[in-house]
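The values are calculated or read from the model by the stated rules, or taken from the named source; none is laboratory data. Note that the coordinates shown come from a computational prediction; the quantities given were computed from them, not determined experimentally. Using ideal geometry, Cβ is built from the backbone for each residue, glycine included, and neighbour counts are taken over all protein chains shown. Please note that ligands, DNA and RNA were not included when accessible areas were found on the heavy atoms of the full protein model with its side chains. Shrake-Rupley method; radii C 1.70, N 1.55, O 1.52, S 1.80 Å.
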Amino acid sequence: MAEININNEDISLKRWRLILGGNEADGIGYNLSGIDKGMDQVLEALYDTDRSGGLGSSCPNVNRWLGDIRSYFPKSVVQIMQKDALEKLNLQKMLLEPEMLSSVEPDIHLVATLISLSHVIPQKTKETARQVVRKVVEEIEKKLRNPLIQAVKGSLSRSIKTRRPKPNEINWDKTIKANLKNYLYQQKAIIPEQLIGHGRKRSSLRDIVLCIDQSGSMATSVIYSAIFGAVLTSISAVRTQMIVFDTSVVDLTENLQDPVELLFGTQLGGGTDIARALAYCQEIISSPSKTIFVLITDLFEGGDVKKMLQHTSNLVSSGVNMICLLALSDKGAPCFDERNAAALAGLGVPSFACTPDKFPDLMAAAINKQDIGLWASRNEIVTA
């Protein structure tokens, strides 16, 4: 086995390069690459005095930066950098002054930024931040609530309709309409050759589990998932659970009634351990055959890939209807791990990005146990 020599001088030069910065500030002529270059870029955006306000005023840029620093630095360093960002960059006015924050035109990117910074936002601004988040969430929910409820309820009705109902399950209005051709005038009676009813009412006709990657790149997906989760939990025939994960797993099901509280319970950014999340979900799924499991992640696994695939195989073989959404947002095709997506496809789990307007129809297709690959094709969605 070849001996690996660590060049202490090289490490020292690398550290000095990161401290000094690039261009004219770099007097050592050392070039960075890979992860080191990424670290240098996020440091430069914050600490390069020649580029004051390097993050600019764009919320997507700020949110991407917040995700990046969690990828490169430990939690203690991230907290320091976030506080420095509040003091040095254009975020300061917006987040320190409630009046300024309330005057900003809110959108989903601003919501992602506020949630990412929720632990360092000053106390006097927190309530304003919540109001801004609630305004955006309510506007999005208003657009998406009715389509989702109609799609899910309609699909549930179709999926439990039966032609051989028990006496207490007969839908008499539909049965009479279906048998009017059999009306006997002399007897003034209808011969019910065809009985129509709905299956036995149960507390839950379908279980839906939303399992969401809360790394920085998935910010908008987390927001839309929280809104959809809140709508689904209002449907009594559906039992909805929401799990978020990075390197740890958090069950936020109890907060589904209030998507704003749920969002402030997330921690956008950090690593990714899909295998651990799947293991947890496997434990909480009690009725695999009636469970729709939606994994929302770009599939960049930071944990054990073999375990991730094994848990996926176990879920599918148990009867769970599993779907992987690479993104749930209005953005274009996301960056994702193509090898892991192909491996999931080999296990019978389709992977594709989904826009929020398509999600209700996707749930309807899943409830009716349609081929999700064919559904995606009909909707001109390219699967991985």
request  = For region 285-303, indicate whether the set of residues that are in a helix (DSSP H, G or I), farther than 30 Å from I108 by Cα and out of contact with any Ser or Thr (no Cβ under 9 Å at 6 or more places or on another chain) is non-empty.
outcome  = no
task = Return yes or no: is V222 of a type in the set (A, V, I, L, M) and either in a strand (DSSP E or B) or in contact with a Ser or Thr (Cβ under 7 Å, 6 or more places away or on another chain) (or both)?
result = yes
task = Of all residues in region 322-337, count the ones that are open to solvent by less than 40 Å² (accessible area, probe 1.4 Å) and either of a type in the set (A, V, I, L, M, F, W, C) or under 16 Å from G348 (Cα atoms) (or both).
result = 7
query = Looking at this structure, is I235 more than 23 Å from V120 (Cβ to Cβ), open to solvent by less than 10 Å² (accessible area, probe 1.4 Å) and in a loop (DSSP other than H, G, I, E, B)?
reply = yes
key: Residue list for region 263-287, filter: closer than 13 Å to I208 by Cβ and at pLDDT 95 or above   = C281, I284, I285
query = So which residues in region 286-309 are over 16 Å from P350 (Cα atoms), of a type outside the set (D, E, K, R) and over 19 Å from the mean Cα position of the chain (by Cα)?
reply = S286, S287, P288, S289, V305
message = Whether any residue in region 329-347 is modelled with pLDDT of 95 or more and not in a helix (DSSP H, G or I) is what I want to check.
response = yes
query = Across region 305-319, what is the number of residues that are open to solvent by 10 Å² or more (accessible area, probe 1.4 Å) and in contact with a strand residue (DSSP E or B) (Cβ under 6 Å, 6 or more places away or on another chain)?
reply = 1
query = Do any residues in region 371-384 that are under 13 Å from A333 (Cβ atoms) have Cβ atoms under 6 Å from those of residues that are modelled with pLDDT of 90 or more and among the hydroxyl-bearing types (S, T, Y), where the two are at least six apart or on different chains, and which pairs are they?
reply = A384/S351
ask   = Quick one: would you say R164 is assigned to a loop (DSSP other than H, G, I, E, B), modelled with pLDDT under 75 and open to solvent by 40 Å² or more (accessible area, probe 1.4 Å)?
value = yes
query = Do the conditions hold for A345, that is, is it touching a Phe, Trp or Tyr at 6+ places or on another chain (Cβ under 9 Å), within 22 Å of M218 (Cβ to Cβ) and among the hydrophobic types (A, V, I, L, M, F, W, C)?
reply = no
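Residues are listed down the side, and each one gets a yes or a no for (1) part of a helix (DSSP H, G or I); (2) under 25 Å from L232 (Cβ atoms); (3) open to solvent by less than 20 Å² (accessible area, probe 1.4 Å):
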residue	(1), (2), (3)
H109	yes, yes, no
L114	yes, yes, yes
S118	no, yes, yes
K124	yes, no, no
V133	yes, yes, yes
V136	yes, yes, yes
E141	yes, yes, no
P147	yes, yes, no
V152	yes, yes, yes
